[in-house]
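**Q** Please read through the structure below; I'll follow up with questions.
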Amino acid sequence: MRIGVFVCHCGSNIEGTVDTAKVAETSKDFPGVAFATDTMYACSEPGQEGIINAIKEHDLDGVVVASCTPRMHEPTFRRTLERAGLNRYLFEMANIREHVSWIGRDREANTNKAIDLVRMAAAKLLNDQPLESKQFSINKRVMIIGGGVAGIQAALDCADGGLEVVLVEKTTTIGGKMAKLDKTFPTVDCSSCILGPRMVDIAQHPNITLYAASEVEEVGGYVGNFDVKIKKKATYVNWDACTGCGLCTEKCPSKKADDPFNEELGKTTAINIPFPQAIPKKAAINPDFCMKIQKGKCGVCAKICPSNAIDYEQKDEFVTESVGAIVAATGFDLFDWTVYGEYGGGKYPDVITSLQYERMLSASGPTGGHVKRPSDGKEPKNVVFIQCVGSRDKSVGRPYCSGFCCMYTAKQAILTKDHIPDSQSYVFYMDIRSPGKMYDEFTRRAQEEYGARYVRGRVSMVYPKGENLMVRGADTLMGGQVEVEADLVVLAVGAEAAKGASGLAEKLRISYDSYGFYMEGHPKLKPVETNTAGVYLAGSCQGPKDIPSSVAQGSAAAAKVLGLFSKDQLASDPQISQVNIKRCIGCGKCISTCPFGAIKEIDFRGMKKAEVIETVCQGCGICTSTCPQGAIQLQHFTDNQILAEVNAVCRF
Amino acid sequence: MPVLEGKELRIVGFLCNWCSYGGADTAGVGRFTQPTDLRIVRVPCSGRIDPMFIVKALLNGADGVLVSGCHPRDCHYAEGNFYARRRLEVLKRFLPFIGIEPGRFEYTWVSASEGQRWQQVVTGFTEQIHKLGPAPKIEGADAEATLKLLEAAL
């Protein structure tokens with residue numbers, strides 16, 4: 001083999017702490033290396049042209065590029081090789097930026113390490129084989145998991161683009177957190193007035209199949225051909241028959257069921273429709289509070305239902321949908337505010353969360369849009385907002401900024417004044433973070449036009465005083481303590497990853513960060529992709545987002561899906577396992593360890609042998625390290641290839 | 001080439017592509033300074049790591065071997081790291097029987113977002129290897145006998 005080595009300066013990123021010329025010079029002595037040079041920016045157009053010219057000029061048949069991480073530019077350089085007429089798998093990358101120049105200051109040690117990494121790459125390349133991909137067809141249907149505003153946007157954009165969409169929502173209605181909001185910042189638009197029509201579009205779109213009250217149970221397959229098993233949870237109402245007339249909810253005698261849509265402010269009936277604009281507008285029974293299901297008595301809803309839709313015997317059902325791509329849009333949950341004992345959340349009824357306050361402001365909420373204290377139903381005059389409850393606080397494991405709390409607090413301060421003109425709002429804040437379009441102007445309006453008093457400092461405690469609450473905190477601008485008597489305290493609760501998000505990530509085989517938010521493919525350049533081909537992200541499951549960002553990401557994910565589906569065929573990754581039939585003894589260990597069921601037993605001239613199902617194999621190589629014979633080898637990561645690297649670094 | 005006259009020792013890292021290699025990248029992007037002794041071999045999954053790779057590295061002159069993969073239950077390939085954990089734990093207990101200090105081999109889990117954790121892992125492990133010092137050479141007939149024993153055992 002005639003190997004060419006190209007050592008990239010990456011401007012001063014590498015050259016600053018690595019002597020690239022020396023790396024190139026030294027690598028000329030490695031086995032197989034016929035040509036070596038350093039280059040300013042290997043990934044740039046002239047850099048790639050340089051590689052192509054060198055391949056032709058020096059008759060190279062393998063290339064090592066020493067530059068950044070292969071997770072960044074391996075595909076770039078593989079394409080360069082193809083342009084020069086070489087097989088894309090006769091390429092190796094030495095990561096001398098992320099793993100060398102950026103983590104060490106010692107130029108001599110770095111240069112030495114870079115030389116070793118090139119030596120390893122060249123040694124592996126000597127063992128590389130040309131590999132060819134196969135073409136396979138794509139199932140051009142897409143599944144969106146999560147029916148919040150991000151999922152709705154992604155679903156509508158995909159459906160309008162002509163794709164068949166399967167939308168899976170775990171609660172009985174789509175709408176997500178946005179549907180619970182009264183108004184949106186900074187326009188003070190009515191939330192359900194802008195979201196409602198889009199929800200109706202979902203219900204009416206001929207390309208969209210909606211599974212509400214459903215969850216993803218299992219995900220199998222690979223990009224272009226996923227099989228997703230969905231659990232349709234029992235709602236005890238036959239939704240094909242239910243017309244959403246609401247008679248059952250009126251007559252249900254059990255009126256003490258939890259009301260998650262109203263954030264547990266007030267109670268609801270055991271059979272209910274979460275809110276008037278719910279999509280699908282179907283009733284569902286909460287079995288924990290249904291007297292018929294619990295005690296076998298009652299049955300009022302079944303008697304009264306004009307379409308005979310009630311079915312107390314209903315069981316969970318499972319359906320499998322085949323799709324080619326998946327968009328995760330599972331959103332976020334609110335931080336558990338009761339962790340802050342000093343704020344009295346969960347202890348004093350008049351300390352509520354921002355989302356509970358939002359329900360109180362909403363005309364469709366439990367108080368009909370009248371602001372009332374939960375304790376005695378009186379209209380509050382002094383409302384204190386405490387910001388950063390579960391945001392920017394290392395002590396509760398939430399050191400990140402949730403991003404939207406400053407804005408919704410300003411909105412709620414404005415709305416408070418609208419609802420109760422003689423009221424006074426106080427906002428305890430750490431910093432005001434309002435970087436969006438018209439956002440800073442909006443928080444200023446809350447202060448200047450609506451007279452909300454912003455106090456910069458943390459609250460140390462909230463304690464009762466008679467019927468009211470005293471809020472004691474620091475005012476770090478005035479340099480002293482302040483105490484405010486409040487009728488109502490609203491905690492601006494931060495966002496955290498949705499409960500169960502990690503479980504879904506494991507099913508989808510995508511990564512999540514230490515807070516449980518899903519990891520994007522690249523923090524700058526692949527914001528909606530994941531590292532699993534065919535799985536995309538939208539909305540707050542990736543990190544806290546406001547509505548415009550969630551919608552933008554929903555559309556971006558849809559664009560990625562439409563882009564993926566613009567081809568009729570995808571090329572398979574040939575880095576999969578292959579069985580050497582002569583060495584295989586048919587023990588079946590690879591079959592039992594493969595997590596994807598990608599290996600089957602075949603009969604070969606009367607002997608048991610293993611065979612890899614090429615389209616199912618994901619290329620993990622568990623089989624290869626399991627096989628006692630070394631008979632099944634993961635292509636591009638064979639035992640010989642890995643050991644060549646090990647030997648290159650150990651023996652010299 | 002001598003390794004900087006003993007300033008560095010020879011440490012081989014086997015990292016899965018999805019979590020730990022990404023974590024090492026994140027550490028680089030974040031400029032989290034680390035000792036330079038470690039050389040990383042990228043593999044698709046920690047489940048791809050045959051314990052023989054580690055033993056061969058140690059027999060061939062590595063002073064330490066570090067394996068890192070995705071956190072349990074967060075594997076890109078569903079359960080590769082569970083296979084890895086079983087194999088590597090067995091290997092760790094087995095090493096003293098072939099005359100290798102078990103402290104020369106560690107395995108750990110680092111996700112792609114944990115740049116800082118990767119810095120700590122590398123720094124800690126490198127310190128540990130420096131405390132143990134350069135590995136005694138196993139050569140000639142001894143090495144071959146050991147390898148044979150291993151082929152049979154692993």
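**Q** Which residues' amide hydrogens lie under 5 Å from the amide hydrogen of residue A:488, considering only partners 5 or more residues apart or on another chain, with H built in the peptide plane?
**A** Under 5 Å from the amide H of residue A:488 lie the amide H atoms of A:382, A:384, each far enough along the sequence or on another chain.
**Q** What are the trypsin sites (Lys or Arg not before Pro) within segment A:11-86 that DSSP puts in a loop, where the Cβ has at most 16 other Cβ atoms within 10 Å? Mind dumping the intermediate values first?
**A** Details: sites: A:22, A:28, A:56, A:71, A:78, A:79, A:83; in loops: A:28.
Sites meeting the loop and neighbour criteria: A:28.
**Q** Could you work out the relative contact order of chain A? I mean the mean sequence separation of Cα pairs under 8 Å and 6+ apart, divided by the number of residues, in percent.
**A** 13 percent
**Q** Ok, one more. When you look at the Cβ of every residue in B:27-35, what mean number of other chain Cβ atoms sits within 10 Å?
**A** Mean shielding by partner chains, rounded to a whole number: 5.
**Q** For chain A, what proportion of DSSP beta bridges, expressed in % and rounded to the nearest 5, is antiparallel? Numbers along the way, then the final one.
**A** Values: 53 of 102 bridges.
Taking every DSSP beta bridge with both residues in chain A, the antiparallel ones total about 50 percent.
**Q** I'd like the distance separating the alpha-carbon centroids of segment A:543-607 and segment A:212-227, in whole Å.
**A** Cα centroid to Cα centroid, the span is 13 Å.
**Q** What does the extension gain come out to for residue A:53 and residue A:651, with contour length at 0.36 nm per residue minus their alpha carbon separation?
**A** 211.9 nm
**Q** Along segment A:362-367, what does the Karplus equation 6.51 cos²θ - 1.76 cosθ + 1.60 (θ = phi - 60°) give for ³J(HN,Hα), rounded to whole Hz, x for Gly and Pro?
**A** Coupling constants for segment A:362-367: 7, 5, 8, x, x, 10 Hz.
**Q** Here's a follow-up. Assuming R0 = 30 Å, what is the FRET efficiency of residue A:45 and residue A:524, from their Cβ-Cβ distance, to the nearest 0.05? Show your work: numbers first, answer last.
**A** Values: r = 21 Å, r/R0 = 0.68.
Taking R0 as 30 Å, the efficiency between residue A:45 and residue A:524 is 0.90.
**Q** Cross-link list A:232/A:372; A:411/A:526; A:347/A:378; A:177/A:231; A:140/A:281; A:177/A:567: which exceed 26 angstrom alpha carbon to alpha carbon?
**A** A:232/A:372; A:411/A:526; A:140/A:281; A:177/A:567
**Q** So how much slack lies between residue A:317 and residue A:580, counting 0.36 nm per residue of separation and subtracting their Cα-Cα distance, in nm?
**A** Difference between extended and current length: 90.4 nm.
**Q** Here's something else I'd like to know. Note down the nm distance, to one decimal, between modelled labels 7 Å out along Cα→Cβ at residue A:205 and at residue A:243.
**A** 2.8 nm
**Q** Let's test the formula: R0 of 25 Å, r as the Cβ-Cβ distance of residue A:229 and residue A:502. What FRET efficiency results, to the nearest 0.05?
**A** Calculated value: 0.85.
**Q** A further question follows. Cα to Cα, under 12 Å, and not fewer than 8 places away if on the same chain: which aspartates and glutamates meet these conditions relative to residue A:267?
**A** A:258, A:259
**Q** Please work out the FRET efficiency for the pair residue A:348 and residue B:33, using the Cβ-Cβ distance as r and a Förster radius of 51 Å; give the result to the nearest 0.05.
**A** Plugging the Cβ-Cβ distance into 1/(1 + (r/R0)^6) gives 0.55.
**Q** Could you work out the helix-only [θ] at 222 nm for chain B, with each DSSP H run of four or more residues adding -39,500 (n - 2.57) and the total divided by the number of residues, to the nearest 500 deg cm²/dmol?
**A** -13500 deg cm²/dmol
**Q** In peptide B:66-79, how many Cβ atoms from other protein chains are near each Cβ within 10 Å, on average?
**A** If you average over the peptide's residues, the count of other-chain Cβ atoms is 4.
**Q** Could you tell me whether segment A:307-463 comes out rounded, prolate or oblate from its Cα gyration tensor? Rule is a ≥ b ≥ c as square roots of the eigenvalues, rounded for a/c under 1.5, then prolate if a/b exceeds b/c, otherwise oblate.
**A** prolate
**Q** Moving on. Across segment A:91-105, in residue order, what do the Karplus-derived ³J(HN,Hα) couplings come to in whole Hz, using 6.51 cos²θ - 1.76 cosθ + 1.60 with θ = phi - 60° and x for Gly and Pro?
**A** Running phi through 6.51 cos²θ - 1.76 cosθ + 1.60 with θ = phi - 60° gives 9, 9, 10, 10, 8, 9, 9, 4, 9, 10, 5, 8, 10, x, 9 Hz.
**Q** Here's a follow-up. Quick one: dipole size for chain A, taken about the Cα centre, charges +1 on Lys/Arg Cβ and -1 on Asp/Glu Cβ, in debye to the nearest 20.
**A** Approximately 1100 debye in magnitude.
**Q** Please name which of B:38, B:109, B:97 has its Cα lying farthest along the dipole of segment B:1-137 towards the positive end, using unit charges on Cβ (Lys, Arg +1; Asp, Glu -1) and the Cα centre as origin.
**A** B:97
**Q** Rounded, prolate or oblate for chain A? Axes are the square roots of the Cα gyration tensor eigenvalues, ordered a ≥ b ≥ c, and the cut-off for rounded is a/c under 1.5. Before the final figure, lay out the partial values.
**A** On the way: a/c = 2.67, a/b = 1.58, b/c = 1.69.
Judged from the Cα gyration tensor, chain A comes out oblate (a/c at least 1.5, b/c at or above a/b).
**Q** Continuing with this model, one more query. Once each part is reduced to its C-alpha centroid, what is the distance from segment B:1-48 to segment A:135-194 in angstrom?
**A** Distance between centres, Cα-based: 42 Å.
**Q** If amide H atoms are built 1.01 Å from N in the plane of the peptide, which residues on other chains or at least 5 residues away come under 5 Å of the amide H of residue A:172?
**A** A:213
**Q** Here's a follow-up. For residue A:42, what residues show an amide H to amide H distance below 5 Å, using hydrogens built from the backbone and excluding near sequence neighbours?
**A** A:9, A:10
**Q** Could you derive backbone 3J(HN,Hα) for segment A:274-283 from the dihedral phi with the Karplus parameters 6.51, -1.76 and 1.60 (θ = phi - 60°), listing whole Hz in sequence and x where the residue is Gly or Pro?
**A** Karplus values, whole Hz, x for Gly and Pro: x, 7, x, 8, 4, 10, x, 8, 9, 7.
**Q** Right, next: Total Lys pairs in chain B closer than 23 Å by alpha-carbon, pairs eight or more apart in sequence or interchain only?
**A** Eligible lysine pairs with Cα atoms under 23 Å apart amount to 10.
Only the coordinates and a few stated rules stand behind these numbers; no lab work does. From a predicted model like this one, the values you see are computed outputs, not experimental measurements. When we count neighbours, we look across all protein chains shown, and the Cβ atoms used for this are built from the backbone with ideal geometry, even at glycine.
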